[in-house]
Amino acid sequence: MSKTISVAPVTKTLTVNATQAHAFETFTAGIDRWWPKSHGLGATPVVKSTIEPRRGGRWFTVHADGSEVAVGHVQLWEPPSRLVISWEVSAQWKPDARVASQIEVAFTAEGPRTTRVDLVHSKFEALGQEDGEKHRRDVDGGWPGLLDLFAKEAER
């Protein structure tokens, strides 16, 4: 009998003073303006981060040596309300599509210039129990700072 593992998702919610469309645009097309250049998986520094605006599009970084590294792929593209992307990153912070977890971000208008952003990072089971739990702890600690950077950019 095989054992089924389960790793709890990471959930984060914040409210930004921006329209729903602007919040979605900032998170996606504007990712290079807020995602830290220090958060890359390549051998050299990140010079650009991109999410291609379509289902199947890549989330990738371009590095100082010209290389491109896949961070994930767009699984669902529903502007301005929802985005689902794979996170193809191992527990050792290396690119690896075989252990992809998933990030879902919902953008809900709460007023004409206020948007609630709900982020759920899940499916850590793909990494196995030990690595899945480690990676969950790592991203749980990392998302607050990243979302703060996103919020500051969205509110400019």
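Derivation of every value follows stated rules applied to the coordinates shown; laboratory data play no part. None of these values were measured; they are calculated from a predicted model. Backbone-built Cβ (ideal geometry, glycine too); neighbour counts: all protein chains shown.
Nearest 10 degrees is fine. How inclined is helix 129-154 to the longest principal axis of the chain, computing both from alpha carbons?
20 degrees
For log10 I(q)/I(0) by the Debye sum over Cα atoms at q = 0.09 Å⁻¹, pick the label among (i) -0.37; (ii) -0.28; (iii) -0.41 that corresponds to the value derived from the coordinates.
Only one listed value fits the structure, namely (ii).
Within 10 Å of each residue's Cβ, count the other Cβ atoms and sort LEU146, LEU127 from fewest upward.
Ranked by crowding around the Cβ, least crowded first: LEU146, LEU127.
Please report the net charge: other residues with Cβ closer than 12 Å to the Cβ of ARG137, K and R +1, D and E -1.
-3
Over the chain, what is the relative contact order in whole percent, taking alpha-carbon pairs under 8 Å and six or more residues apart?
That works out to 29 percent.
Which residues in segment 10-42 have a backbone N closer than 18 Å to a point placed 7 Å from the Cα of ASP148 along the Cα-to-Cβ line?
11-17, 34-39
Once every DSSP H run of n ≥ 4 in the chain is given -39500 (n - 2.57) and the sum is divided by its residues, what mean residue ellipticity at 222 nm do you get, rounded to the nearest 500 deg cm²/dmol?
Value at 222 nm, helices only, nearest 500: -7500 deg cm²/dmol.
Hey, if you put +1 on the Cβ of every Lys and Arg and -1 on every Asp and Glu Cβ in the chain, which of SER6, VAL62, THR44 ends up farthest toward the positive end of that dipole?
VAL62
In whole percent, what relative contact order does segment 90-156 give with Cα contacts below 8 Å and a gap of six or more residues?
Once divided by the residue count of segment 90-156, the mean separation gives 28 percent.
By the scheme Lys and Arg +1, Asp and Glu -1, what is the net charge of all other residues having a beta-carbon under 15 Å from that of VAL69?
-2
For THR108 paired with ASP140, estimate the spin-label separation in nm (one decimal), with each label point 7 Å from Cα along the Cα-to-Cβ line.
2.3 nm
Place a +1 charge on the Cβ of each Lys and Arg in the chain and a -1 charge on the Cβ of each Asp and Glu, then give the dipole magnitude about the Cα centre in debye, rounded to the nearest 20.
With Lys and Arg at +1 and Asp and Glu at -1, about 120 debye.
For segment 27-51, list residues with backbone N below 13 Å from a point placed 7 Å from the Cα of GLU68 toward its Cβ?
48-51
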